[in-house]
1. Can you find a residue that is part of a strand (DSSP E or B), open to solvent by less than 10 Å² (accessible area, probe 1.4 Å) and touching a Gly at 6+ places or on another chain (Cβ under 7 Å) anywhere in segment 114-131?
2. Considering only segment 185-199, state which residues are small (Gly, Ala, Ser) and either in contact with a helix residue (DSSP H, G or I) (Cβ under 6 Å, 6 or more places away or on another chain) or surrounded by fewer than 24 Cβ atoms within 10 Å (Cβ to Cβ) (or both).
3. Anything in segment 132-153 that is more than 24 Å from Asp178 (Cβ to Cβ), open to solvent by less than 30 Å² (accessible area, probe 1.4 Å) and either part of a loop (DSSP other than H, G, I, E, B) or in contact with a Ser or Thr (Cβ under 7 Å, 6 or more places away or on another chain) (or both)? List them, or say none.
4. Within segment 11-28, can one find any residue that is over 11 Å from the mean Cα position of the chain (by Cα), on the phi > 0 side of the Ramachandran plot and assigned to a helix (DSSP H, G or I)?
5. If a residue has to be touching a strand residue (DSSP E or B) at 6+ places or on another chain (Cβ under 6 Å) and of a type in the set (S, T, N, Q) to count, how many in segment 206-232 make the cut?
6. Within the set of pairs 6 or more residues apart or between chains, which connect a residue that is surrounded by 15 or more Cβ atoms within 10 Å (Cβ to Cβ) inside segment 200-212 to a residue that is part of a strand (DSSP E or B) and among the polar types (S, T, N, Q) with Cβ atoms less than 8 Å apart?
7. Out of everything in segment 217-240 that is among the aliphatic types (A, V, I, L, M) and part of a strand (DSSP E or B), what residue ends up being farthest from Leu5 (Cα to Cα)?
8. Identify the residue in segment 71-107 that is of a type in the set (Asp, Glu) and open to solvent by 70 Å² or more (accessible area, probe 1.4 Å) and, among all such residues, is farthest from Met129 (Cα to Cα).
Amino acid sequence: MLRVLFVGDVYGKPGRRIFKNHLPKIRDQFDFVVVNGENSAGGFGLNKESARTLLDAGANCITLGNHTWDNREVYDLLQENHILRPFNYPLGTPGHGMHTFEVKGERITIINAMGRVWLDPLDCPFVGMNQLLEREELGSIFVDFHAEATSEKTAFGFFLDGRVAGVVGTHTHIPTADTRILPAGTGYQTDAGMTGVLNSVIGAAPDGPISKFVDKIPVRWSTAEGQAQLNGVILHLENNQCKHIERYQYTEEQ
């Protein structure tokens, strides 16, 4: 059985700080750690500094999302097998969306997918998953589904139920309370939540988002400062089934 920790979207320097400080304290409880790092560089994308911080803290794999291309450094980073962007970008897009790792003599395959409702019109993740799952020797499969709509995420979970070991959503930055094992054995949660400042608007200082909603004028958001919270999901995987799943949350002391 593989004990896996999945950590939701790391947002900016405060998110990197709590991840760097807290993960080493619990790292020996897990066989494999996946973290979504698409907001780790100032809230927008992944760069070499933020990737190194996450990996040095103990992450085995970094997944991304709609902010994949916000930093030019990502083109070099995507050459690494342990850094994934959504697989359903068009054929020929730099990088890759899945990789199979060897852990404790077992295989675990991590897949990064992105939804299409209210996001870029990428290739269909449902059809694409059918093709990916035709491959052999994938072991236990975990999917980070980076999507906006809860309905699309839930449908994706049931679509993959019994075919992958786990599906956990990212992107909306709010942890959902629907953690469960689906009928055919797939661990599921609609959104893992964010790793960043607790008193913020999805990681940003509130003034920017409030101004956008009130004035309808585009404003460059700034990363919030203050007490951070780490949100994630723990899964125990065996033979491409989920035997246990639970939410994980840690908040810094004031």
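1. Looking for residues that are part of a strand (DSSP E or B), open to solvent by less than 10 Å² (accessible area, probe 1.4 Å) and touching a Gly at 6+ places or on another chain (Cβ under 7 Å), one finds at least one in segment 114-131, hence yes.
2. Gly185, Gly196
3. Of all residues in segment 132-153, those more than 24 Å from Asp178 (Cβ to Cβ) come to 132, 134-139.
Then drop every residue that is not open to solvent by less than 30 Å² (accessible area, probe 1.4 Å), which leaves 132, 138.
Selection gives Leu138 alone.
4. yes
5. 2
6. So the pair list comes out as Gly203/Asn39; Gly203/Thr223; Ala204/Thr223; Ala205/Thr223.
7. So the residue we want is Ala228.
8. Selected residue: Glu73.
The values are calculated or read from the model by the stated rules, or taken from the named source; none is laboratory data. If you're wondering where the values come from, they're calculated on a predicted model, not measured in any experiment. In this analysis, Cβ positions are derived from the backbone assuming ideal geometry, glycine residues included, and neighbour counts consider all displayed protein chains. What goes into the accessible areas is simple: the full protein's heavy atoms, side chains included, and nothing from ligands, DNA or RNA. Shrake-Rupley method; radii C 1.70, N 1.55, O 1.52, S 1.80 Å.
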